[in-house]
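The values are calculated or read from the model by the stated rules, or taken from the named source; none is laboratory data. Keep in mind it's a predicted model, so treat the numbers as computed, not measured. Backbone-built Cβ (ideal geometry, glycine too); neighbour counts: all protein chains shown. Areas reflect the complete protein model, heavy atoms only, side chains present, ligands, DNA and RNA absent. Shrake-Rupley method; radii C 1.70, N 1.55, O 1.52, S 1.80 Å.
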Amino acid sequence: MIASSAIGCGLPPNPSRPELLTMAELEALAAPGNEDAKFFPDAGVPGGLRIGDYVKSEGGKYSLTLRTTWAEGMRSAYETAEIWKGFDEVWVQPAYVAITRDANGAPHPVNDAADGEWRPIFSVGPGSSFYSPFWRIFYFEVPDAATAEKYKSARDVIDSGRPLIEGPGHTMSIVPGKPGQDSDIVVPTTMAGSAQRVGGPAGVSAGYLDGKDVSFLDFGESNFAWNDDLVVEETPLFVLLYRDAQGNVRPLNVPTVAGTGPLYAGRAPNVSVDRVPHYGAYWRLYTVIVPSTARIFAPPGFPPAGAPFAADMVGAKYGDTVVDPGNAQDVETYVGRVALNPVESADGSTVGCFDDFDYLFKNSNSGCEWLDSQPALEMAVPPSDIERTDITVTCPFVSYYDVAVKP
């Protein structure tokens, strides 16, 4: 069980030394056959975090793990590039981009002649505890691309005295190794066994840090916010747990639930009209112990993408044997969701929502009450069973409402 004197959303007991895992440290943890090993066992998630949920190693290369999450009841996905333990705050840092102007006066970032890509200049590297992948872009104007080659460090830009033009926030994770095809980091583009559409970084890009070449993953702009103190705003990411027959708290091993703002704030998601999320790059993990009636929807033939679902929490399966092929694509989007009312009540007054395909959808008379959004969790779970952990993560959406999110 979770041993904690803290109640509700309090901090876990005895927070340990702050620690930041960038992609370099995650690579060091990963090894073939080591996916089920755990780390950070003392930061609020029972048993710790599973390595394979964040990075995988195969054939001498490392791959970010694509993870499904439920965002406002819709299937989405993210990748994780950094994990913090024991940091109460993470700060936005400046990054600099050279621009020129065309004949009409319109600004354009200076692109590298070799590959046609931009070259941001980062101010803080992963070796510093002040490092974060959340950058506030500042543009500086140069007369031509040749002049831009003189600027390869933040000091070069500041000492030049060139005026700075503030741009948007941009999530870019500095990673080890070389960019391009020589990189040892593989960026996944598809979700195994799923029709889910995935975007995210197209590959490993190149920039500058302290006068040297550096590699980074570009997760796009305007997907986080910060306050006047330059502290990045965190959003809750819920990890679902349950109590087994002996009362021990265990992970369900199901997809997380992506929140939209502070607990019980009722904040609507910050999403543009074309369904592009402008939030969610930086998360605080919260654990949620689901009610005893809850069960996982996991019909045969739809294995989980990561660790197996908690077997004693898998509910009655739709069809009990084989899903109707005509319904397979719709069913796939519900696999791994947790429902409050999956089975028939003891007195027969309510029908189990896992008993029939039509019951799975919320608009049916006996539809499932899914725990797949922040409001659903806040309504179904008492505050004492929702706990703030000591872990924050970089997890930008790469799929949102089943639509690819491209930088």
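I'd like to check which strands (runs of 3 or more DSSP E) are fully inside segment 149-265 and have at least 3 residues that are over 30 Å from Ala311 (Cβ atoms) and open to solvent by 10 Å² or more (accessible area, probe 1.4 Å). It would help to see each step written out before you state the result.
Details: elements: 164-175, 204-209, 212-221, 235-243, 249-251, 256-258.
So the answer is 164-175, 204-209, 212-221.
Scanning segment 96-139 for residues that are open to solvent by less than 10 Å² (accessible area, probe 1.4 Å), closer than 17 Å to Pro407 by Cα and assigned to a loop (DSSP other than H, G, I, E, B) yields a total of 2. Looking across segment 281-300, the residues that are assigned to a strand (DSSP E or B), open to solvent by less than 10 Å² (accessible area, probe 1.4 Å) and either among the hydroxyl-bearing types (Ser, Thr, Tyr) or within 21 Å of Thr392 (Cβ to Cβ) (or both) come down to Tyr282, Trp283, Arg284, Leu285, Thr287, Val288.
Annotation: of all residues in segment 340-352 being buried (at least 18 other Cβ atoms within 10 Å of the Cβ) and farther than 13 Å from Pro299 by Cβ, the one that is modelled with the lowest pLDDT is Gly352. Residues in segment 375-389 that are open to solvent by 10 Å² or more (accessible area, probe 1.4 Å) and either outside any loop (DSSP other than H, G, I, E, B) or touching a helix residue (DSSP H, G or I) at 6+ places or on another chain (Cβ under 9 Å) (or both): Pro375, Ala376, Glu378, Met379, Ala380, Pro383, Ser384, Asp385, Glu387, Arg388. Whenever a residue of segment 67-92 is more than 18 Å from Phe216 (Cβ to Cβ) and open to solvent by less than 10 Å² (accessible area, probe 1.4 Å), its partners that are of a type in the set (D, E, K, R) and in a strand (DSSP E or B), lying with C-beta atoms within less than 7 angstrom and at least six residues away or across chains, give the pairs Ala77/Arg67.
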